[in-house]
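Structure first, commentary second.
FYI, it's all coordinate maths here, none of it is from the lab. Here the structure is a predicted model, which is why all the values come from computation and not from measurement. Every residue, glycine among them, receives a Cβ derived from its backbone with ideal geometry; neighbour counts consider all protein chains shown.
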Amino acid sequence: MKSLAIVGGGSWGTALSIVLAPRFPEVRLWVYEKDLAERMAANRVNDIYLPDFRLPGNVLPSSVLGDTVNAADIVLGVMPSHHARSLYAALLPHVSPQTLFVSATKGLETSTHLRMTAVIQEVIGKAFKPRTGALSGPTFAKEVARGEPAAVVIASEDRDLAKTVQTAFSGPVFRLYTNSDPIGVETGAALKNVIAIAAGVCQGLGLGANTLAALITRGLAEITRLAVAAGGQARTLAGLAGLGDLVLTCHGDLSRNRQVGILLGQGKSLPEILSGMRMVAEGVKTTTAAVELASQLGVELPITRQMYRVLCENQSPRESIRELMDRQLKEE
């Protein structure tokens, strides 16, 4: 693998360009904002999304999507989920059947409830059958950019793709494990953001460790139910892309989704919270998609349902906790 194109110049896309730069002769990084891309090329810093880290010399920022992905061996998608379909459609003329598509976006498409690799299959599949995989695991962008050791998974039903990406991406501080269950990995990646909002709500309300432990445990149970109903494997959710990412996002101070929950618990409105954020909290949009998908599949998601009521129906966080505790008693 000689050429890597990263589509998405937010904090995570920028961090991945930094950690993967030693593994490739060049890393092309597509940035939506033209002025930001120009500043990054000139000053070697993403001054909006990851301001404390310099880009290696072989990272090439650009706001021209075709130039970024043209003839790339691997296209790594790190865009917000609600922009994924349009961006994959736009890059379609510049890729080929030899291109490997890896999604590092953690979310579901709101209108279709599709996972990101399914979106890629649908969009790129209009021209040829794409080879796809999902990259996920417990990672905060700043810690990865600092060079702190991290472990993630590359999930694909295409074992050759998974092994190729594992070899291409793994280095001294970034370790990849292969996984053959993209459904489980992507479901865990998306739904953990919803549970992280709930974890933040608990902190915002001043609740303690007992509540958080129960929330994470029962949150993992409902994520697993949804993943299995969608065709994934329960054991996947006990790994890095399930429990690992869930614990990190529910506990870590760098979690945007948790921060949204904290502010909700403190009484701020969702529009007020989102208006003050530059970066996307994927859990907000994923909540609606998850509730609708669960309804289609006949799966019960009590915590996710209550987050939907808080986010979309203006129910108070305390009332949602009361409703969760008043549910019919049952076996674990």
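A residue that is over 28 Å from Leu114 (Cβ atoms) and β-branched (Val, Ile, Thr) can be found somewhere in the stretch 251-267.
Picking from residues in the stretch 3-32 that are in a loop (DSSP other than H, G, I, E, B) and in contact with a Gly (Cβ under 8 Å, 6 or more places away or on another chain), the one that is surrounded by the fewest Cβ atoms within 10 Å (Cβ to Cβ) is Tyr32.
From the list Glu319, Glu332, exactly one residue is farther than 26 Å from Ala134 by Cα and in a helix (DSSP H, G or I). Which is it? Going through Glu319, Glu332 in turn, the sole match is Glu319. Annotation note: of Ala72, Ala118, Ala41, the sole residue that is surrounded by fewer than 22 Cβ atoms within 10 Å (Cβ to Cβ), farther than 22 Å from Ile223 by Cβ and of a type in the set (A, V, I, L, M, F, W, C) is Ala41. You will find that of Ala230, Ala241, the residue that is more than 17 Å from Gln306 (Cβ to Cβ) and under 16 Å from the mean Cα position of the chain (by Cα) is Ala241 and no other. Within the stretch 89-115, the set of residues being within 17 Å of Ile74 (Cα to Cα) and surrounded by 17 or more Cβ atoms within 10 Å (Cβ to Cβ) comprises Leu91, His94, Val95, Thr99, Leu100, Phe101, Val102, Ser103, Ala104, Thr105. Of all residues in the stretch 126-142, those that are surrounded by 14 or more Cβ atoms within 10 Å (Cβ to Cβ) have Cβ atoms under 6 Å from Cβ atoms of residues that are assigned to a loop (DSSP other than H, G, I, E, B) and of a type in the set (D, E, K, R), 6 or more apart or on another chain, in Arg131/Asp158. When the stretch 317-332 is filtered for residues that are under 15 Å from Thr217 (Cα atoms) and exposed (fewer than 12 other Cβ atoms within 10 Å of the Cβ), the ones remaining, listed by number, are Met325, Glu331, Glu332. For the stretch 291-316, enumerate the residues that are free of Cβ contacts under 8 Å to residues at least 40 places away in the same chain, in a loop (DSSP other than H, G, I, E, B) and surrounded by 15 or more Cβ atoms within 10 Å (Cβ to Cβ). Within the stretch 291-316, just Gln315 meets the criteria.
Taken as a whole, the stretch 45-55 holds no residue that is in a helix (DSSP H, G or I) and buried (at least 20 other Cβ atoms within 10 Å of the Cβ). Being among the polar types (S, T, N, Q), closer than 20 Å to Pro172 by Cα and touching a residue at least 24 places away in the same chain (Cβ under 8 Å) is true of Ser17.
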